[in-house]
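What follows is a single structure, written as structure tokens, with notes after it.
The values are calculated or read from the model by the stated rules, or taken from the named source; none is laboratory data. Since the model is a prediction, treat every value here as computed from it, not as a measurement. Neighbour counts run over all protein chains shown; Cβ positions are idealised from the backbone, glycine included. The accessibility values were calculated without ligands, DNA or RNA, using every heavy atom of the protein model including side chains. Shrake-Rupley method; radii C 1.70, N 1.55, O 1.52, S 1.80 Å.
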Amino acid sequence: MLEPRLGGVLFLWLLCGTLVPMVESAIGVNWGTISSHRLKPTTVVDLLRNNKISKVKLFEADSDVLRALMGSGIQVMVGIPNEMLPLLSSSPAAADLWVRQNVSAYVGRGGADIRYVAVGNEPFLSSYNGQYQNLVMPAILNIQQSLVKANLGGYVKLVVPCNADAYQSSALPSQGAFRPELTQIMTQLVQFLNSNGSPFVVNIYPFLSLYDNKDFPQEYAFFEGTTHAVQDGSNVYTNAFDGNHDTLVAALIKLGYGQIPIVIGEIGWPSDGAIGANTTAAKVFNQGLINHIASNKGTPLRPNAPPMDVYLFSLFDEGAKSTLPGNFERHWGIFSFDGQAKYSLNLLLGNKELKNARNVEYLPSRWCVANPSSDLTNVVNHMRLACSVADCTTLNYGGSCNEIGEKGNVSYAFNSYYQLQMQDSRSCDFDGLGIVTFLDPSVGDCRFLVGVTDKGTDSSSSQTTYQWWILLLVLILQGTFMLPM
């Protein structure tokens, strides 16, 4: 009984693989905005176009960003934060209003080319303990109806970016299956995606596999070949990306949808903030990934059919992101916060290497450093204050500024705070322990930044909260939403 059953399964995999549409993969980027130093959106759009990047994924509907993208020809995936799912899942009127304000207002002739709306961001993440699990499908159905009302239902597709922890395997990719508690909702989701011509979006991070597991073979995280290949029947896996991707394919086959297109919503490698997170590793991984996708070899379960789109994570470093996952979380960008390429990278889009942002407006070339004539005995509290507001993650173990000495650490912390405060002279006082210098104190790979004139926000959560309350207020005034008594 076992051999015919295995043969049937293998035949099904082969059959499903042949049904996957053959499309040319496109490389896009994630444009995150949780930063204390943000470039003007128009500068960023110019950067994207100059690098011939034609697809961008946003985590929220930032009005300034969407306006800057109008007329650019860049295809956009705009996100709905998880915090908005309770309202959008319970109120069709809220969904109508969200679509009207964040999609309809920007599309059309000369507008933003919004192709996807991402409903939530990794809402099935196991660490959420099911908080958003039952809100996703109601929100999707409400927003889909709103898109239909706006005559956009056939053009703008809904997707749900999923973390790779939504599926699991005991050992081999072919044994992949969605987590048991997600089987029902994943079946509903995939049925919806399939019927509406939408892809399955998944975020894959080989770096995290390496970071979280000291026994994980380092070379298996990259694309350069490995002595730790995984043998799965007749299939051989030489990198973590293919193995993870095909674990998802196997999970989809078990639901009867092995042919659904897959988009990689996030993938990348950080360049700082941890052991193994550096510019050399980031370049090797990202270039290896791009070359792998461009080869059109696909994966063992989907030969000659690579993911339809791959969005690199991320366009910029985001110095105000939470460091709960690790200090590396603020250093995923292929560009630094000011749009300067961190390393040479060929996106295979027409340029042989990345091109820097143009016309960046910097603050004056001056830095705040530890006063060489001061006693730094009581500097700890001042450093703690500076680093509680500014980004000091490169000072930690594994970071690029970890070995610049005690006085260097103090200077880095002081300067990070000083630039964040737009070089306000009072922000370099620190009870006389700080002093302004016009000599760049950068040491080796440790860069002391100079801020940009367009100060950003230290969190996108404020805009999300603002949007949420505006939606709620308008609905209450319209009488379409009642607060619970």
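Only one of these conditions is not met by Gly339: (1) more than 30 Å from Asn291 (Cα to Cα); (2) among the small types (Gly, Ala, Ser); (3) touching a helix residue (DSSP H, G or I) at 6+ places or on another chain (Cβ under 6 Å). Which number is it?
Going through (1) more than 30 Å from Asn291 (Cα to Cα); (2) among the small types (Gly, Ala, Ser); (3) touching a helix residue (DSSP H, G or I) at 6+ places or on another chain (Cβ under 6 Å) one by one, Gly339 breaks only (1).
Would a scan of the range 251-268 turn up a residue that is at pLDDT below 95 and in a loop (DSSP other than H, G, I, E, B)? Talk me through it step by step, then tell me what you get.
So in the range 251-268, the residues at pLDDT below 95 come out as none.
Checked the range 251-268: no residue is at pLDDT below 95 and in a loop (DSSP other than H, G, I, E, B).
Which ones in the range 274-297 are among the small types (Gly, Ala, Ser) and touching a residue at least 60 places away in the same chain (Cβ under 8 Å)?
First, pick out the residues of the range 274-297 that are among the small types (Gly, Ala, Ser): 274, 276-277, 281-282, 288, 294-295.
Selection gives Ala274, Gly276, Ala277, Ala282, Gly288, Ala294.
Regarding Arg100, is this residue part of a helix (DSSP H, G or I), open to solvent by 40 Å² or more (accessible area, probe 1.4 Å) and not polar (S, T, N, Q)?
Values: part of a helix (DSSP H, G or I): yes; open to solvent by 40 Å² or more (accessible area, probe 1.4 Å): yes; not polar (S, T, N, Q): yes.
The answer is yes for Arg100.
Consider only pairs whose beta carbons are under 6 Å apart and that are at least six residues apart or on different chains; among these, list those whose first residue lies in the range 170-182 and is assigned to a strand (DSSP E or B) and whose second residue is open to solvent by 30 Å² or more (accessible area, probe 1.4 Å) and not small (Gly, Ala, Ser).
Ala177/Lys254
So how many residues does the range 248-283 have that are polar (S, T, N, Q) and over 23 Å from the mean Cα position of the chain (by Cα)? Spell out the reasoning first.
Keep residues of the range 248-283 that are polar (S, T, N, Q), which gives 259, 271, 278-280.
Add one more test, that the residue is over 23 Å from the mean Cα position of the chain (by Cα), and what stays is 259.
Selection size over the range 248-283: 1.
Does the range 114-121 include one or more residues that are surrounded by fewer than 22 Cβ atoms within 10 Å (Cβ to Cβ) and of a type in the set (Val, Ile, Thr)?
Among the residues of the range 114-121, not one is surrounded by fewer than 22 Cβ atoms within 10 Å (Cβ to Cβ) and of a type in the set (Val, Ile, Thr), which makes the answer no.
So for the range 108-127 (the condition being in a helix (DSSP H, G or I) and either more than 27 Å from Val45 (Cα to Cα) or not assigned by the TED database to the domain that holds Val65 (or both)), does at least one residue qualify?
Within the range 108-127, the first condition is being in a helix (DSSP H, G or I), and the residues that meet it are 126-127.
Next, only the ones that are either more than 27 Å from Val45 (Cα to Cα) or not assigned by the TED database to the domain that holds Val65 (or both) stay: 126-127.
Checking the range 108-127: at least one residue is in a helix (DSSP H, G or I) and either more than 27 Å from Val45 (Cα to Cα) or not assigned by the TED database to the domain that holds Val65 (or both).
Of all the residues that make up the range 379-430, how many are of a type in the set (S, T, N, Q) and either open to solvent by 50 Å² or more (accessible area, probe 1.4 Å) or more than 28 Å from Ala282 (Cα to Cα) (or both)?
Of the range 379-430, the ones of a type in the set (S, T, N, Q) are 381, 388, 393-394, 396, 400, 402, 409, 411, 415-416, 419, 421, 423, 425, 427.
Subset that is either open to solvent by 50 Å² or more (accessible area, probe 1.4 Å) or more than 28 Å from Ala282 (Cα to Cα) (or both): 381, 388, 396, 402, 421, 423, 425, 427.
Number satisfying all stated conditions: 8.
Go through the residues of the range 58-66 one by one and say whether even a single one is modelled with pLDDT of 95 or more and in a strand (DSSP E or B). Give the derivation first.
To start, the set of residues in the range 58-66 that are modelled with pLDDT of 95 or more comprises 58-66.
Those still in the list that are in a strand (DSSP E or B) too: 58.
Yes, because at least one residue in the range 58-66 is modelled with pLDDT of 95 or more and in a strand (DSSP E or B).
Only one of Val450, Val436, Val443, Val410 is touching a Cys at 6+ places or on another chain (Cβ under 6 Å) and either closer than 13 Å to Ala370 by Cα or at pLDDT 95 or above (or both). Can you tell me which?
Values: Val450 fails: touching a Cys at 6+ places or on another chain (Cβ under 6 Å); Val443 fails: touching a Cys at 6+ places or on another chain (Cβ under 6 Å); Val410 fails: touching a Cys at 6+ places or on another chain (Cβ under 6 Å).
Result: Val436 is the single residue among Val450, Val436, Val443, Val410 that is touching a Cys at 6+ places or on another chain (Cβ under 6 Å) and either closer than 13 Å to Ala370 by Cα or at pLDDT 95 or above (or both).
His292 passes all but one of (1) part of a loop (DSSP other than H, G, I, E, B); (2) open to solvent by 10 Å² or more (accessible area, probe 1.4 Å); (3) within 19 Å of Asn244 (Cβ to Cβ); which number fails?
(1)
Considering only the range 305-354, state which residues are under 17 Å from the mean Cα position of the chain (by Cα) and among the aromatic types (Phe, Trp, Tyr).
Tyr311, Phe313, Phe316, Phe328, Trp332, Phe335, Phe337, listed by residue number.
Need pairs with beta-carbon distance below 6 Å; first residue in the same structural domain as Val156 (by the TED database) and within the range 78-102, second modelled with pLDDT under 95 and among the aromatic types (Phe, Trp, Tyr); sequence gap 6+ or separate chains.
If the second residue must be modelled with pLDDT under 95 and among the aromatic types (Phe, Trp, Tyr), the pairs left are Met84/Trp468; Ser91/Phe481.
Can you name the residue in the range 361-373 that is assigned to a loop (DSSP other than H, G, I, E, B) and open to solvent by 30 Å² or more (accessible area, probe 1.4 Å) and is also farthest from Phe430 (Cα to Cα) among such residues? Walk me through how you get there before you give the answer.
Initial filter on the range 361-373 (assigned to a loop (DSSP other than H, G, I, E, B)): 361, 363-366, 371-373.
So of that shortlist, the ones also open to solvent by 30 Å² or more (accessible area, probe 1.4 Å) come out as 361, 364-366, 372-373.
Numbers: Glu361: 27, Pro364: 21, Ser365: 20, Arg366: 17, Pro372: 13, Ser373: 14 Å.
Looking at the filtered set, the residue picked out is Glu361.
Checking the structure you have, find out if any residue of the range 403-418 is under 17 Å from Val452 (Cα atoms), outside any loop (DSSP other than H, G, I, E, B) and among the polar types (S, T, N, Q).
Yes, there is a match, as at least one residue in the range 403-418 is under 17 Å from Val452 (Cα atoms), outside any loop (DSSP other than H, G, I, E, B) and among the polar types (S, T, N, Q).
Exactly one condition in (1) of a type outside the set (A, V, I, L, M); (2) buried (at least 20 other Cβ atoms within 10 Å of the Cβ); (3) not assigned by the TED database to the domain that holds Gly32 is false for Arg330; which is it?
(3)
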